[in-house]
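Reviewing the structure listed below.
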Amino acid sequence: MTTARPSTGRSSARLEVRQPGVGQVMAIAGRDTRAVLGSLFGVGLVAGFSALSGVLVVVDLRGDEAVLNDWFGALYVAMGLLAAVLTMRSFADEERTGELELLLTAPLRTWQIVAGKFVGAVTVLGVVIVCTVACPLVVAAMGDPDAGPIVTGYVGLLAVGLAFVAAGLAVSASTSSPLVSTAGTAGLLLALWFGGLLGAGLRGRPRVILDDFSPATHVTGFLRGTLGVADLWYFASFAVVGLAATMMVVRWRR
C-alpha cells in the first residue's frame with residue numbers, strides 16, 4: 001500500500017492510493033469532489049448557477065407559452081463559464097497551494113490522474129445540473145410544456161458540460177495561475193461558441209469550418225427535441241481531444 005499525503009493539513013486534500021487502476025481514479029475523484037462541495041467555493045458555485053437558472057427561466061417565459069428553448073440556450077453559454085471556474089481548481093489552484101506536486105510525484109499513471117480529475121469535476125457538474133431541474137418542474141406546474149425538448153435539452157447540457165470540462169482541464173494543467181486558467185478556458189470556449197455565429201455571415205469554406213467547430217451549431221437539435229448522432233459525436237470528440245491534451249501536458253510536467 002502506497003500513501004501520498006499533502007503537507008497542508010487539509011483533510012479534503014488527502015489522497016490515499018489503496019487500489020490499482022480504477023480504484024486510484026475514484027480516490028482522486030472523491031477527494032476533489034469533497035474538496036469542492038465541502039467548501040464555500042463549491043456551495044457558492046452550486047447556489048450561483050441555480051440562482052442564475054431561476055432568473056433565466058423567469059426571463060424566458062413569455063405570456064402563456066411554456067417553452068424553455070431560450071433557457072437551455074442561455075445555460076449552454078453559462079456552462080462555459082461554470083467549467084472555467086470549476087476546472088481552475090483541478091490543476092492551477094492545486095499547483096499554487098503545493099498539492100499538485102505531491103499528486104504528480106505519487107505512484108500513479110498519467111491517465112489515472114487525468115481521469116480522476118475529470119470524474120471529480122463532472123460529479124460536481126452533475127450536482128449543479130440536478131439543482132436546475134427545479135425550474136422545469138415549476139414551469140410544468142404552471143403550464144403544459146413539451147417533455148421532449150426538456151429531456152434532450154438536459155442531454156445537451158450534460159454533453160456540453162463534459163466537453164467544456166475536458167477543455168478546461170487542459171488549460172488548467174498548462175498554467176499555475178488560477179486567474180489565467182479561468183480566463184483562458186472562458187476565452188477559448190466563448191471564442192469557439194461565437195465563432196459559429198460569425199460564420200453565419202460568411203460563405204464558402206470559412207463558413208463550413210466555423211460551423212463545424214462551433215458548439216453553438218451542434219446544440220440546435222437538443223433545443224428542438226432531437227438527438228443527432230453528429231451532434232453527440234461532436235461533443236464526445238471534443239471531450240476526447242480535451243482529455244488527450246490534458247494527458248500530454250501532465251505527462252510533460254511529470
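The values are calculated or read from the model by the stated rules, or taken from the named source; none is laboratory data. Being a predicted model, the structure only gives us computed values, none of them experimental. Here the Cβ positions follow ideal geometry from the backbone for every residue, glycine too, while neighbour counts run over all protein chains shown.
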*Subset tally (residues that are crowded, with 20+ Cβ neighbours inside 10 Å, out of contact with any Ser or Thr (no Cβ under 7 Å at 6 or more places or on another chain) and more than 30 Å from S214 (Cα to Cα)) for the stretch 77-118*: 4
*asked:* Can you find, within the stretch 63-78, the residue that is modelled with the lowest pLDDT among those that are outside any helix (DSSP H, G or I) and of a type in the set (G, A, S)?
replied: G63
_Search result, residues across the stretch 163-183 that are part of a helix (DSSP H, G or I) and surrounded by fewer than 21 Cβ atoms within 10 Å (Cβ to Cβ)_ = P178, L179, V180, A183
*Residues that are modelled with pLDDT of 85 or more, of a type in the set (G, A, S) and part of a helix (DSSP H, G or I), drawn from the stretch 189-242*: A191, A216, G221, A230, A236, S237, A239, G242
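Residue by residue, here is whether (1) touching a helix residue (DSSP H, G or I) at 6+ places or on another chain (Cβ under 6 Å); (2) of a type outside the set (V, I, T); (3) in a helix (DSSP H, G or I); (4) without any contact (Cβ under 8 Å) to a residue 24 or more places away in the chain holds:
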residue	(1), (2), (3), (4)
G80	yes, yes, yes, no
A83	yes, yes, yes, no
L86	yes, yes, yes, no
D93	yes, yes, yes, no
L102	no, yes, yes, no
V114	yes, no, yes, no
V119	yes, no, yes, no
*Does any residue in the stretch 123-137 that is crowded, with 16+ Cβ neighbours inside 10 Å come within less than 8 Å, Cβ to Cβ, of a residue that is part of a loop (DSSP other than H, G, I, E, B) six or more places away or on a different chain, and which pairs are these?*
C135/L68; P136/L68; P136/P145
